Amino acid sequence: MEDDTLSRRSFIRGAAGATAAAGAVAAGAGTAAAQATADGEGTVEVGAGSDGLLYTPGTNEPLYVTPGTTVTFDWVSNGHNIIVDSQPEGASWGGHEPLEDEGFSTEFTFETTGTYEYYCAPHQSLGMVGTVEVVEQLPTPEPTAAGPPEVPDSAKSLGIASFIAMVSTLGLAFFFTKYGGDYEPPEE
């Protein structure tokens, strides 16, 4: 007997599909969150940060490169320069003294190992200083014993919502399988 109402079998098939889809969404969100990227090696943003007064990387932690690496300095805000404060003996980096604006770019190939310190002349007093460390071997991050990485709140919320969706779907499937039905009682 063909009927427009929902049969148990089609409900269970739909419930299984919805549960699988919710699980796939949750798994995809975890994968995306795990694919974080690091700052581009060999590139420094000049005038970065919310106030436009940072070299990134370089202001808060050095940019580590190996000899022969060409570093590109990209201006991302206006009115900055690069004044070399100190560099290893025998190095020839001249920085870039003229003030430049967003969109300007310059580069230098660092050959001599050692520490190169630089600053922005108009903003040095505000902390716009930077460092490039030219080393034979790039440092590897030290593992921390702090435990598992922090899970973002959005991932936690998605996990809880997916769990609730799966439990609700399976609960309804059980209920309709055990108690429900869309069939006519047998005629006697």
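So how many residues does the stretch 101-122 have that are under 29 Å from the mean Cα position of the chain (by Cα) and not aromatic (Phe, Trp, Tyr)?
The number of residues fulfilling the criteria is 10.
Output the qualifying pairs, or none if there are none: Cβ atoms under 7 angstrom, residues six or more apart or on different chains, first residue in the stretch 84-96 and over 15 Å from Val46 (Cβ atoms), second residue among the aromatic types (Phe, Trp, Tyr) and assigned to a loop (DSSP other than H, G, I, E, B).
Cβ pairs passing all conditions: Gln87/Trp93.
Among the numbered criteria (1) farther than 23 Å from Ser50 by Cβ; (2) at pLDDT 90 or above, which one does Pro149 miss?
Unmet condition: (2).
Name every residue in the stretch 86-96 that is assigned to a strand (DSSP E or B) and exposed (fewer than 14 other Cβ atoms within 10 Å of the Cβ), in order of residue number.
Passing the criteria: only Ser86.
Filter the stretch 61-76 down to residues that are over 22 Å from Pro139 (Cβ atoms) and open to solvent by 40 Å² or more (accessible area, probe 1.4 Å), then give me how many there are.
2
Answer with yes or no whether Val46 is at pLDDT 90 or above, at negative phi and not acidic (Asp, Glu).
For Val46, the condition - at pLDDT 90 or above, at negative phi and not acidic (Asp, Glu) - is met.
Given (1) part of a loop (DSSP other than H, G, I, E, B); (2) more than 30 Å from Glu150 (Cα to Cα); (3) touching a Ser or Thr at 6+ places or on another chain (Cβ under 9 Å), where does Glu61 come up short, assuming only one miss?
That leaves (2) as the condition not met.
Report the residue count in the stretch 97-118 for those that are crowded, with 16+ Cβ neighbours inside 10 Å and assigned to a loop (DSSP other than H, G, I, E, B).
Residues in the stretch 97-118 being crowded, with 16+ Cβ neighbours inside 10 Å and assigned to a loop (DSSP other than H, G, I, E, B): 1 in total.
Filter the stretch 104-113 for residues that are modelled with pLDDT under 95 and of a type outside the set (Ser, Thr, Tyr); which is nearest to Asp51 (Cα to Cα)?
Glu107
Only one of Gly47, Gly79, Gly58 is surrounded by 13 or more Cβ atoms within 10 Å (Cβ to Cβ), in contact (Cβ under 8 Å) with a residue 40 or more places away in the chain and under 16 Å from Glu133 (Cα atoms). Can you tell me which?
Exactly one of Gly47, Gly79, Gly58 is surrounded by 13 or more Cβ atoms within 10 Å (Cβ to Cβ), in contact (Cβ under 8 Å) with a residue 40 or more places away in the chain and under 16 Å from Glu133 (Cα atoms), namely Gly58.
Within the stretch 128-146, restricting attention to residues that are part of a loop (DSSP other than H, G, I, E, B) and modelled with pLDDT of 75 or more, which residue is nearest to Gly79 (Cα to Cα)?
Taking the candidates together, the pick is Met128.
The values are calculated or read from the model by the stated rules, or taken from the named source; none is laboratory data. Predicted model, so just to flag it, every value in this text is computed and none were measured. Backbone-built Cβ (ideal geometry, glycine too); neighbour counts: all protein chains shown. In case anyone asks, the SASA skips ligands and DNA or RNA and just uses the protein heavy atoms, side chains included. Shrake-Rupley method; radii C 1.70, N 1.55, O 1.52, S 1.80 Å.
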